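Working notes for the structure below.
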Amino acid sequence: MLTGPLLIRHTAPANQPATNVLLLLHGLGDSDRPFANFARQLNLPETACIAIRGPKPLPFDLSGFHWGDDITVDSSTGALDPDAPAFSAALRLVLNDVLRGVLLAPEKCGYRPRSVMLFGYAQGAMTALHVAVEFANSCSSSSSSADAELGGVVAVGGGMPSCSPLLPVDAKARTPVLVCKATRNSAVSPAQLQRVRDAFDPVEVREWNRPGGEGMPRNRDEMLPIMQFFARRLRSVRGVPAGAVELS
């Protein structure tokens with residue numbers, strides 16, 4: 001069971017085994033509720049979806065939550081900057097408590113890393129990428145390096161945060177990444193996108209023809225590359241005999 005003070009909303013597949021898990025991370029100033037609804041709309045086969053709420057509320061009685069340890073302001077625009085100086089609270093929640101503490105723990109859910117995917121929007125996308133690279137970094141120095149590959153990361157409107165460690169060139173994280181960004185006025189800077197490419201292999205970038213920057217996907221053309229990515233990466237046991245053993 002996943003528990004917490006309204007931190008998590010869980011959606012299980014109907015009449016199907018939960019072969020996969022998709023973690024959904026909202027953007028700065030949002031909450032888990034809309035992403036739980038988004039998960040139900042996705043209706044992915046054999047996939048349990050978990051929408052996680054950011055660990056910290058916005059200050060000054062502003063509504064919504066965020067993933068960074070602190071709130072910073074972009075000096076050029078006066079807007080809240082999603083690229084926080086640190087994401088340690090988010091790492092404890094997503095990586096340690098949810099991923100390692102429950103989903104991958106043999107005595108609890110017992111999933112393999114390859115069966116867990118992340119979907120993040122804006123600051124949630126930065127958090128998802130940060131979690132994936134930290135997971136790979138922690139596995140690279142242990143005997144479990146063969147299990148360092150997560151199922152994948154879909155990052156919409158967010159790149160690698162500046163606080164994320166970069167892995168050696170010959171030891172990039174093997175978790176596949178799909179970055180969706182607007183063709184103009186994108187929140188994903190060239191430097192952030194390059195940091196994604198420096199940290200992961202393979203990386204796929206899809207651009208949406210939006211003049212005003214990113215938002216959540218709003219039509220078939222924008223959803224298509226995301227659904228194709230899920231189709232390639234989600235695992236299925238339908239039709240597999242009970243008691244069969246996976247050799248790879």
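The values are calculated or read from the model by the stated rules, or taken from the named source; none is laboratory data. The structure displayed is predicted, hence computed values, not measured ones. Note that we place each Cβ from the backbone using ideal geometry, even for glycine, and neighbour counts take in every protein chain shown.
Tabulated values for the structure
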quantity: Selection count, the range 46-82, where residues are surrounded by fewer than 14 Cβ atoms within 10 Å (Cβ to Cβ) and touching a Pro at 6+ places or on another chain (Cβ under 8 Å); calculated: 2
quantity: Qualifying residue in the range 184-203 (condition: of a type in the set (D, E, K, R) and closer than 21 Å to Leu42 by Cβ); calculated: no
quantity: Hey, Leu25 in contact with a Gly (Cβ under 6 Å, 6 or more places away or on another chain), surrounded by fewer than 18 Cβ atoms within 10 Å (Cβ to Cβ) and of a type outside the set (Asp, Glu) or not; calculated: no
quantity: The range 142-154 residues that are at pLDDT below 75, paired with ones that are surrounded by 14 or more Cβ atoms within 10 Å (Cβ to Cβ) (beta carbon under 8 Å, 6 or more apart); calculated: Ser145/Cys139
quantity: Members of the range 161-184 found to be of a type in the set (D, E, K, R) and over 27 Å from Met216 (Cα atoms), listed by number; calculated: Asp170, Lys172
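One line per residue, one yes/no per condition, for (1) in contact with a strand residue (DSSP E or B) (Cβ under 8 Å, 6 or more places away or on another chain); (2) farther than 26 Å from Arg197 by Cβ; (3) aliphatic (A, V, I, L, M):
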residue: Ile50; (1), (2), (3): yes, yes, yes
residue: Val98; (1), (2), (3): yes, yes, yes
residue: Ser115; (1), (2), (3): yes, no, no
residue: Met126; (1), (2), (3): yes, no, yes
residue: Leu129; (1), (2), (3): yes, no, yes
residue: Ala148; (1), (2), (3): yes, no, yes
